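These notes concern the structure reproduced below.
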Amino acid sequence: MLARMYGLLRELTDRVSVVGSSAKYTGVEAQIVPDRWPGEGPLGGIITALEHTRASDLKVAHCLVVSCDMPFLRAEWLQYLCGYAANSAAEIVVPRSTQGLEPLCACWRIDAAETLHALFEGGVRKVTEVFKHTQTEILDEGHWKRFDSAGRLFWNMNTPQDYQDALEIFAEERR
């Protein structure tokens, strides 16, 4: 799934990074950025990504943060999301699916890193909690539905059975 997500993101940018342990992701083409707070949940990883990007290239205004367990994301949707965020004053542009907010498929403004870091140091670990403390723009289905005719855009895999189901769907789509 990581290789698939890497390929998808390479359609949009030449800079793809993975936040995590380099020992866990051997053989991955993307740059591996060590999570500053391993085991502390996705918020620490998001902050790590923002701070790494800010230190690497001051010209970048946003990070597109995606989880690699969303097999049905589409490049067209991600391109739309990034374009929308580029024209938004919000610190976070996040879609709301039928399951709720999708913070692991969102654009995060680099300059939000300080606020997020302070929240994290103050004990916040839930990604959705940061939306209460930042300027967040929520994209409802009017924005993303056209990219999701099958209703699977934000579906994620949590079990080996989910993975098998995704493989079957991909095989069916190729027929």
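The values are calculated or read from the model by the stated rules, or taken from the named source; none is laboratory data. These numbers were taken from a predicted model, which means no experiment stands behind them. Cβ placement follows ideal geometry from the backbone for every residue including glycine, while neighbour counts extend to all protein chains displayed. Surface areas here come from the heavy atoms of the whole protein model, side chains and all, with no ligands, DNA or RNA. Shrake-Rupley method; radii C 1.70, N 1.55, O 1.52, S 1.80 Å.
Assorted remarks:
- The set of residues in region 92-124 that are open to solvent by 30 Å² or more (accessible area, probe 1.4 Å), among the polar types (S, T, N, Q) and over 22 Å from residue 59 (Cα atoms) comprises 98, 99.
- Close pairs from region 15-44: first under 17 Å from residue 104 (Cβ atoms), partner in a strand (DSSP E or B) and hydroxyl-bearing (Ser, Thr, Tyr), Cβ under 8 Å, at least 6 apart: 30/17; 33/17
- Residue match in region 125-132 (condition: aromatic (Phe, Trp, Tyr), within 30 Å of residue 164 (Cα to Cα) and open to solvent by 20 Å² or more (accessible area, probe 1.4 Å)): no
- Counted residues, region 9-33 - those being in a strand (DSSP E or B) and either among the polar types (S, T, N, Q) or modelled with pLDDT under 90 (or both): 2
- For region 132-157, the set of residues classified as farther than 21 Å from residue 79 by Cα and in contact with a strand residue (DSSP E or B) (Cβ under 7 Å, 6 or more places away or on another chain) consists of 134 only.
- Once region 71-91 is narrowed to residues that are open to solvent by less than 30 Å² (accessible area, probe 1.4 Å) and touching a Phe, Trp or Tyr at 6+ places or on another chain (Cβ under 6 Å), the residue that is modelled with the lowest pLDDT is 72.
- Tally, over region 29-63, of residues that are farther than 17 Å from residue 130 by Cβ, hydrophobic (A, V, I, L, M, F, W, C) and touching a Ser or Thr at 6+ places or on another chain (Cβ under 9 Å): 4
- Condition met for residue 173 (of a type in the set (D, E, K, R) and touching a residue at least 24 places away in the same chain (Cβ under 8 Å)): no
- Residue 68, sole failed condition from (1) open to solvent by 60 Å² or more (accessible area, probe 1.4 Å); (2) closer than 21 Å to residue 166 by Cβ; (3) not in a helix (DSSP H, G or I): (1)
- Residue match in region 87-95 (condition: charged (D, E, K, R) and in contact with a strand residue (DSSP E or B) (Cβ under 7 Å, 6 or more places away or on another chain)): yes
- Just one residue in the set 96, 146, 36, 125 is among the basic types (Lys, Arg) and in a strand (DSSP E or B); that residue is 96.
- Residue check for residue 51: touching a helix residue (DSSP H, G or I) at 6+ places or on another chain (Cβ under 7 Å), assigned to a helix (DSSP H, G or I) and either among the acidic types (Asp, Glu) or open to solvent by less than 50 Å² (accessible area, probe 1.4 Å) (or both): yes
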